[in-house]
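**Q** Okay, here's the structure, questions in a sec.
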Amino acid sequence: MRDDAFHADRTGLQKALDALLDVTYEPHGSELPETLQEHGLGELRVIDLLSPHIIGGARRLGAATAFAHMDPPTPWITWAMSMWNASLNQNLLHPDVAPVARDLEVRVTGWLAPFFGMSGGHMTPGATISNLTALWAAREVKGVRRVVASAAAHLSIEKAAHILGLQYKSVPTDDQGRLLRSELPADMADSALVLTAGTTSAGAIDPMEPGGNAAWTHVDAAWAGPLRLSDTYRDRLDGIESADSVAVSAHKWLFQPKESGLVFFRDADEAHNAVSFGAEYLAVPNVGLLGSHGASAVPLMATLVAWGRKGVAERIDRAMSKADALLRYLRAQSDLQVFSPNASGVILWRMQTGVSAEEIADGLPVGSASIGGGAGTSWVRHVAANPNVDVERLTREIGTFLAATGVGP
Ligand SMILES: *Cc1c(COP(=O)(O)O)cnc(C)c1O
């Protein structure tokens with residue numbers, strides 16, 4: 001007997017696509033089951049039941065005023081590739097069941113590694129896992145016993161140090177959120193130095209020169225790494241090529257669906273050897289932290305081939321110009337304070353008096369602002385993950401809010 005659940009139903013897939021593209025979809029009252037039901041509803045009814053919740057209830061990351069977080073809208077080619085991936089379900093652990101997908105991952109990491117001066121690497125579910133993998137390699141290859149990073153480093157760095165049994169030292173930042181080199185310990189011979197390219201809270205880029213006598217230098221370029229693909233902005237990360245490892249979140253400024261990350265190594269063979277395990281049931285050693293893992297290289301490769309390097313750069317450049325325009329507007333208002341120049345598309349601002357960052361963010365369109373920290377206080381935060389944001393509309397909304405507070409220009 002043929003089991004239709006495992007064969008494509010064109011009507012069903014079309015219905016799912018129609019629901020997705022029907023952007024006027026509003027959540028309505030159909031209740032999701034509270035408990036696992038004995039009998040199934042069938043696939044077509046599931047689409048009707050779930051679409052108002054999953055599609056209607058989701059934040060629209062490509063909306064006209066979406067400018068709050070590091071989560072980008074995704075290009076449609078990645079939706080198509082994600083459908084292929086879900087259907088084919090390749091497992092990169094076994095060359096046998098992923099003969100093509102494994103090669104694609106090697107190829108796509110090989111395309112991107114040279115932008116960072118690295119020789120290769122592998123894909124991960126995100127920079128949290130990339131950072132842990134890189135520091136694991138640092139411990140194995142160089143015997144590092146301590147991780148040193150700025151106070152603005154991502155929490156995943158301290159988490160990785162904790163998991164790996166390494167000490168953690170936090171170093172103060174300057175008034176723009178960049179690591180203060182003068183505060184680094186004099187002797188770093190037993191340490192991995194972690195520099196951040198694009199801090200989560202303020203987008204600050206740490207000075208990228210190698211760190212004294214650090215045994216290993218890792219750059220957490222989760223957010224700002226893709227600036228390396230831009231002719232206009234790549235020099236902001238100059239020096240990254242002397243790092244030993246680099247982490248990038250492809251599901252941030254490479255516009256990939258989650259979960260998609262990259263870890264690169266200057267000497268990828270050495271690092272991969274250091275984080276590999278073999279087993280009798282494996283044809284090839286298992287590299288890195290993951291066991292079974294899917295073909296996240298497929299949507300990434302499709303995006304890179306569809307757009308080319310220039311197509312990716314154009315979108316990042318456009319997002320940066322939108323952040324510049326927003327910054328110009330904010331600087332022209334009285335009674336506002338801006339945290340720093342636009343280093344990597346993260347803009348922080350606050351009102352000098354009265355209204356808190358939280359109150360401001362609540363008063364702006366949903367999805368347009370979040371909260372960031374810098375210099376010991378809260379700021380309204382905007383992140384240029386959406387290259388298609390309507391920045392005039394966003395500044396009009398901010399203007400309306402400011403006028404209502406009575407502070408205004
Ligand atoms: C987002 C981010 C991370 C974590 O990346 P995930 O992909 O969310 O795991 C690490 N470091 C920095 C600087 C980030 O912005």
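**Q** Take every Cα-Cα distance within segment 76-305, group them into 10 Å bins from 0 onward, and report for each bin the whole-number percent of pairs it holds.
**A** Histogramming segment 76-305 at 10 Å steps yields 8, 35, 35, 17, 4, 0 percent.
**Q** Something else about it: Mind checking which lysines have their Cα closer than 29 Å to the Cα of residue 310? Skip sequence neighbours fewer than 8 apart in that chain.
**A** 252, 258, 322
**Q** If you add up the charges near residue 44, with Lys and Arg at +1 and Asp and Glu at -1, over every other residue whose beta carbon is less than 15 angstrom from its beta carbon, what do you get?
**A** -2
**Q** At a 1.4 Å probe radius, carbon and sulfur cover how many percent of the accessible area of the chain?
**A** 53
**Q** Another question about this same structure. Using the Karplus curve 6.51 cos²θ - 1.76 cosθ + 1.60 with θ = phi - 60°, work out ³J(HN,Hα) for each residue of segment 220-236 in order, rounded to whole Hz, and write x for Gly and Pro.
**A** For segment 220-236, the Karplus curve yields 7, 10, 3, 8, 8, x, x, 4, 4, 7, 9, 4, 6, 10, 4, 5, 5 Hz.
**Q** Using alpha carbons only, what's the Rg to Rh ratio of the chain with Rh from Kirkwood?
**A** 1.00
**Q** Separate question: Taking a label point 7 Å from the Cα of residue 41 along the Cα→Cβ vector, which residues of segment 4-18 have an amide N closer than 13 Å to it?
**A** none
**Q** A further question on this structure: Antiparallel DSSP bridges in the chain: what percent, to the nearest 5?
**A** Of all bridge pairs located within the chain, approximately 60 percent are antiparallel.
**Q** So what is the relative contact order of segment 308-404, in percent, for Cα pairs below 8 Å that sit 6 or more residues apart?
**A** 28
**Q** Would you kindly state how much longer the chain becomes between residue 328 and residue 187 on full extension, computed as 0.36 nm times their sequence separation minus their alpha carbon distance, in nm to one decimal?
**A** 46.5 nm
**Q** May I pose another question? Residue 352 to residue 267: extension gain in nm, 0.36 nm per residue of separation minus the Cα-Cα distance?
**A** Here the answer is 25.7 nm.
**Q** Treating cross-link reach as a plain straight distance, find the lysines whose alpha-carbon is under 17 Å from the alpha-carbon of residue 159, omitting any fewer than eight places away in the same chain.
**A** 169
**Q** Quick one: net charge of residue 283's neighbours, Cβ under 12 Å, K/R +1, D/E -1?
**A** Surrounding charge for residue 283 is -1.
**Q** For segment 308-404, restrict the atom set to alpha-carbon positions and state the Rg and Dmax in Å.
**A** 13.4, 48
**Q** Turning to a different aspect of this structure: Checking the a/c ratio against 1.5 first, then a/b against b/c, what shape does the Cα gyration tensor give for segment 21-179? Don't skip to the answer; put the middle values down first.
**A** Values: a/c = 2.06, a/b = 1.57, b/c = 1.31.
Taking the square roots of the gyration eigenvalues as a ≥ b ≥ c, segment 21-179 is prolate.
**Q** Just how large is the dipole of the chain about the Cα centre, in debye to the nearest 20, putting +1 at every Lys and Arg Cβ and -1 at every Asp and Glu Cβ?
**A** Result for the chain is approximately 760 debye, rounded to the nearest 20.
**Q** Moving on to the next point. For segment 76-305, what is the percent of antiparallel DSSP beta bridges, rounded to the nearest 5?
**A** Of all bridge pairs located within segment 76-305, approximately 45 percent are antiparallel.
**Q** Just want to confirm a number: the relative contact order over segment 1-83, from Cα pairs under 8 angstrom separated by 6+ residues, in percent.
**A** For segment 1-83, the relative contact order is 28 percent.
**Q** Next question. With θ set to phi - 60°, apply the Karplus curve 6.51 cos²θ - 1.76 cosθ + 1.60 along segment 288-300 and write out the HN-Hα couplings as whole Hz, x wherever there is a Gly or Pro.
**A** 3J(HN,Hα) across segment 288-300, in whole Hz: x, 7, 7, x, 4, 8, x, 8, 5, 5, 5, x, 5.
**Q** I've got another one for you. Taking H placed 1.01 Å from N in the peptide plane, check which residues at least 5 places from residue 192 or on another chain put their amide H under 5 Å from its amide H.
**A** Here 145, 146, 147, 148 satisfy the definition.
**Q** Follow-up question, since we're still on this one. Where Lys and Arg each count +1 and Asp and Glu each count -1, what net charge lies around residue 347 among other residues with Cβ under 14 Å from its Cβ?
**A** Result for the neighbourhood of residue 347: +4.
**Q** Then there is this: Quick one: length gained pulling residue 393 to residue 83 fully straight, 0.36 nm per residue minus the C-alpha distance? Before the final figure, lay out the partial values.
**A** Values: separation 310, 0.36 × 310 = 111.60 nm, distance 3.41 nm.
Result for the pair: 108.2 nm of gain on full extension.
**Q** Rank these residues by their accessible area, most exposed first, probe 1.4 Å: 339, 67, 6.
**A** Greatest to least solvent exposure: 6, 339, 67.
**Q** Next question. In deg cm²/dmol and to the nearest 500, what is the mean residue ellipticity at 222 nm of the chain if only DSSP H runs of at least 4 residues count, each as -39500 (n - 2.57), divided by the residue total?
**A** The helix contribution divided over the chain gives -11000 deg cm²/dmol.
**Q** Now, a different point. Which order do 401, 116 take when ranked by solvent-accessible area (1.4 Å probe, heavy atoms of all protein chains), largest first?
**A** Result, largest first: 401, 116.
**Q** Still on this structure: To the nearest 20 debye, what is the magnitude of the charge dipole of segment 76-305 about its Cα centre, counting +1 on the Cβ of each Lys and Arg and -1 on the Cβ of each Asp and Glu?
**A** Using only the charged Cβ atoms, the result is roughly 360 debye.
**Q** Can you give the Rg to Rh ratio for segment 102-220, taking only C-alpha atoms and Rh from Kirkwood?
**A** 0.97
**Q** Express the accessible area of the chain per residue in Å², computed with a 1.4 Å probe while the remaining protein chains stay in the model.
**A** 48
The values are calculated or read from the model by the stated rules, or taken from the named source; none is laboratory data. Here the structure is a predicted model, which means the values were calculated and not measured. Cβ: placed from backbone, ideal geometry, glycine included. Neighbour counts: every protein chain shown. These area figures cover heavy atoms from the full protein model, side chains too; ligands, DNA and RNA do not enter into them. Shrake-Rupley method; radii C 1.70, N 1.55, O 1.52, S 1.80 Å.
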